[in-house]
Structure formats: structure tokens, C-alpha cells
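**Q** Sharing a structure below in C-alpha cells format, with a few things to ask.
The values are calculated or read from the model by the stated rules, or taken from the named source; none is laboratory data. Predicted, not measured: the structure shown is a model, and the values here were computed from it. For neighbour counting, all protein chains shown are included, and Cβ atoms are generated from backbone atoms with ideal geometry for every residue, glycine included. Just so you know, the surface numbers come from the protein's heavy atoms only, side chains and all, with ligands and any DNA or RNA stripped out. Shrake-Rupley method; radii C 1.70, N 1.55, O 1.52, S 1.80 Å.
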Amino acid sequence: MTEGPMAAAFVAVVAGASLLALTAHRLRPSDSLPSLEGWALADRGLGTWWTWLLLGGTIFTAYTFAAVPGLAYGNGAPAFFALPYTVIVCPLAFVLLPRLWRVSREQGCVTAADFVRRRYGSAPLALVVALTGILATMPYLALQLLGIQAVLTAGGLSPNAVTGDVVMVAVFAGLAVATYRHGLRAPAVISALKGVAVFGSALAVSWMALERLGGPGGIFEAASARLAEPGGRGASLLLTPDQQPAFATLAIGSALALLMYPHVLTAAFAASGPAVLRRVAIALPAWTAVLALFGMLGIAALASDVPAPEGGAEAAVPVLVDRLMAAPFAGLVFGALTVGALVPAAVMSIAAATSFVRNVYAEYFHPTATPKRQVRIAKTVSLAAKAGAVAFVFGLRDQDAINLQLLGGVWILQIFPAVAIGLYTRRLHPRALLAGWAAGMLLGTVAVVREGFSPVVPVAGHMEVYVGLVALLVNLAVAVAGTAVLERTGAGRYRPETGAIKI
């Protein structure tokens, strides 16, 4: 039976998030007519504080806070590629996001595919950008549910599978209603609670782990001893020379991919201006510091010999929390991690719905759809996305969602040339960009599947590198070569449609 104080604390945090969501209409209220900009981007009116909370809360998902310590618990040092990866994101965000915001605001773009459509005047290229974003986002949304599942199971908050499923559906139902009514304002408001809860939980649990286990030195010494025991996992707390190429390429490739995800761009487009995004990019490393604490907790779980379930290393930290803290405080931490899933899940569903409505529905099925109708369809698709994620988690194995999310990272990286490079030059021919995208998608998918859904593949002998980065390089090579051939032959010379934008 679940401990009453833990359950009460958990419910208090989740209920607090739901009550906050009900006040979302008060955040930057607007009297303008219904539009996707209003529903999906909060009328582009979020200031520095709200944008920092929303963007950080969207990038640093609940599954991130469970998966990174889980990887540290199971694999040691390679898990910490997430730290340089999230640091590299900050200068990239400082450079790319303000420029993309300015162009998108001037041209009325709501999605990355909108920008590509106007930049190149190519409907097919915009379509593949939109579909790639939706395809990469859906398994990422499902992973937020897996993060909640891990917390509920490890904390004993779901004494049986049926109870856990009911709790998870109830949590997501409240989120779905708030998002349907208020759009991006709902996760923006919840992100304030997420920030306080996650930062506070990380500091509290880290302090207790350091106190109980003899400080950082004691934690790492005990973890090293565990790994050195007979029958150990073959992992290490130090990178070996063979692991360094994979570590570096994972960090670089993941950073390039992150800013292409629709949910990240949606959170960025909601800012009130480029200066806001620059300030937010400078302050984002505070979230990385919290992630580092969670990574250390994975090592602490290893040092404490926490018994994570087979194939469920992401439960290591929740089990550690349950061991270290009194029931009410553990319930608060579990509630914080659950709220941590609500913000990115809401933004992901909004981003996927907006991409579908703007770049598929309005472009190909109903070009004369009014803004009000587009909002209504987007709300419906957003609900369907959440329901689909729930059905996906119930119907398939956890590993299936993880495998698809790994593929999603490789896929989303293939739109980098059209979006990020397109911010600075229009020299690449849209047909060549399409060919490069197809080559990168095919190579990346085949390589990941062939390696048993591993994100790293061997190249040049025994050196292992991130497959997404390899696929991106092939993508760029095909795009550049294809552009040169098309220009040289004059076949299909690039003449942008009327209205294609110049920067």
C-alpha cells in the first residue's frame, strides 16, 4: 500500500500545477481574434523570466532528469556527454534563435517549416521539414510518460499497473484540458512551478546524498568500488580513449539537433524579442547545473548499491530518493519530477499540432481555412497527440519508445541545412536540399537499426561516432554537390516563388 504522506505530498504538487494551469489566461492576456500565434505562441509576448522558465523547462525534460542519471548508474562516464551537449546549445541558441525569431516575426512564420516555405519558396521542402519535426516529436512526447511511469513505480505510488496507468492518465487529462483552452500559456505558467520544484529538489536530494555518503569523494570512491567488483558492469567513471570520439560527436550532434525540434522553436518563438532570447541563452547554463546534480545522483545511486530494476536504470534516482528522504519529502520530489514532464509534453503536443495545421492541413487540404478554424483544428490535433502518446506507451514496450526517440534525434538533425544554414544563405538549391535530406534520413535510419538502435556506429576501423552527425555530413555533401550540378547544367535553375524572403 502506498504511504499516505508520500501520496499526499505528490498529489499536492501535481494539483498545484493543475491550479496554476487554470490561471494561464492571466498571462499576457490579449483581446485579439483567435489565431495560431495567440494559441501556440502566446502572442509572442513572453519576457525574459517567462521565456527562460519555458525554454529551460522544455529543453530539460523529465525523462532527461531520469535518463542521464540512469545512464550514469549503468554506463558511468559516457552518460555525462549531456553536460557539454547542453552547454554547446547555449552559444548556438544565442546566435540562431534571435535571428530566426526576427525573420519569423517579420514574415508571420509560426513554425520552422513556415520559414523554409518563405525562404526557399518550396512547398515540398517545407513539407518534409514539417513531417520530420512531427515524426521526431511524437516518441519524445511518449518518453515524458515513461518518465512519469518510472517515478510512480520507483516511489511506490502505483502499487499495481492499473493504478499507475489511471494516475498517469489523470495527470495528462488535466494537462490536455489546460492546453486545449489556453495553448502555450498553460505550460508557460506551469514552468514556474517546475523551475522552483526541480531546482529545489535537485539541491535538497544532492545535499542529503553528499551528507550520507561522505561528500563527492566518498560517492565517487564507493561507485568506483562497485564497478570494480567481480561481475561488475564493465563501466568506468573515466572516459577511455576509445570512448572519446563517441562522447564528443554525441555532444556536438545532439546540440545541433536540439534547436531543430519543433517544441524548442515554439518556446523560442513565444519570446517578445531577440534581446530576450539572447539573455535567456546566457542564463540557460543554470539548467545544465541542475542536470549535473542529477547526473551525480546517478553515481550516488551506484555508490549506494540501489537496486534499479533490470532494463530500468532510469528508476535509479527515484529509488535513491525513496531511500534517502522521509515519505513527505520524497513525495514532493516525485511530484516535481512529474510536473517536469508536463511542461515539455504540453509544448511538444502544441508544436506538433501547429506544424500539422500550418504546413499540412492549411497548405494541402484547406488553403482557405480561417485563423479561427486553424486554431480549432490545432486544439483537436494537440489532444490527439497526447492521446496517441498514452496509447503508444500502453501498447508498446518502453524500449520501443526509446529506440524511436534515438531515431528521432538522427532524423531531426537532417533539417539543419534547410533551417539553420538557410538563415544565412539561400545558395543551396531546394531540390538539392531535398536530396540531401533523403540521403541523411536513409543513411541514419539504416545505420541505427543495423547497430541494434545504438546512436554510435563504428567508422574508420574501431572508432565510434554519433551516427546523426555522420548522416548530417552526408546530407550536406549531397546538398552542396547537387546544387553545383543543378547550377552547372541549368536544369531546374533555382527561381524562388514570388514572395520568397531574403535576409
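**Q** Ignoring ligands, DNA and RNA, please state the percent of accessible area on the chain from carbon and sulfur, probe 1.4 Å.
**A** So the carbon and sulfur contribution to the accessible surface is 65 percent.
**Q** Across region 249-263, in residue order, what do the Karplus-derived ³J(HN,Hα) couplings come to in whole Hz, using 6.51 cos²θ - 1.76 cosθ + 1.60 with θ = phi - 60° and x for Gly and Pro?
**A** Going residue by residue, I get 6, 4, 5, 5, x, 5, 5, 5, 6, 4, 6, 8, 5, x, 5 Hz, with x marking Gly and Pro.
**Q** Using modelled backbone amide H atoms (1.01 Å from N, in-plane), which distant-in-sequence or interchain residues come within less than 5 Å of GLU464's amide H?
**A** ALA246, VAL459
**Q** Please get the size of the charge dipole for the chain, origin at its Cα centre, with Cβ charges of +1 on Lys and Arg and -1 on Asp and Glu, quoted in debye to the nearest 20.
**A** Approximately 2180 debye in magnitude.
**Q** What list of ³J(HN,Hα) values in whole Hz, one per residue of region 347-360 in order, does the Karplus curve 6.51 cos²θ - 1.76 cosθ + 1.60 (θ = phi - 60°) give from phi, with Gly and Pro shown as x?
**A** Calculated HN-Hα couplings, in order: 5, 4, 5, 5, 5, 5, 5, 5, 4, 5, 5, 6, 10, 10 Hz.
**Q** In percent, how large is the relative contact order of the chain, given Cα pairs closer than 8 Å and 6 or more residues apart?
**A** 31 percent
**Q** Also, I was wondering about something else. Sort region 250-385 into rounded, prolate or oblate with this rule: let a ≥ b ≥ c be the square roots of the eigenvalues of the Cα gyration tensor; rounded if a/c is under 1.5, and if a/c is not under 1.5, prolate when a/b is larger than b/c, oblate otherwise.
**A** It is prolate, given that a/c is not under 1.5 and a/b is the larger ratio.
**Q** Between LEU135 and THR380, what length comes free when the chain is fully extended (0.36 nm per residue of separation minus the Cα-Cα distance, one decimal in nm)?
**A** 86.4 nm
**Q** Which distance in Å, rounded to a whole number, links the C-alpha centroids of region 235-285 and region 407-458?
**A** Value for the Cα centre distance between the two parts: 17 Å.
**Q** Note the angle between two axes, namely the Cα long axis of helix 430-450 and the longest principal axis of the Cα atoms of the chain, as a number of degrees from 0 to 90, rounded to the nearest 10.
**A** With both axes taken from Cα atoms, the answer is about 30 degrees.
**Q** Also: At 222 nm, what value in deg cm²/dmol follows for the chain if DSSP H runs of at least 4 each add -39500 (n - 2.57) and the sum is divided by all its residues, to the nearest 500?
**A** -24500 deg cm²/dmol
**Q** Given ALA170, TRP411, ALA268, which one lies farthest toward the positive end of the charge dipole of the chain, if we put +1 on the Cβ of every Lys and Arg and -1 on the Cβ of every Asp and Glu?
**A** ALA268
**Q** Further question on the same structure: Please work out which option in (i) 24.2, 85; (ii) 22.5, 74; (iii) 23.5, 77 gives Rg and Dmax of the Cα atoms in Å calculated from these coordinates, and answer with its label.
**A** (ii)
**Q** Whole-Hz Karplus ³J(HN,Hα) for region 178-193, in order, using 6.51 cos²θ - 1.76 cosθ + 1.60 and θ = phi - 60°, x for Gly and Pro?
**A** The phi angles translate into 5, 5, 4, 7, 10, x, 5, 5, 5, x, 5, 5, 5, 4, 5, 5 Hz.
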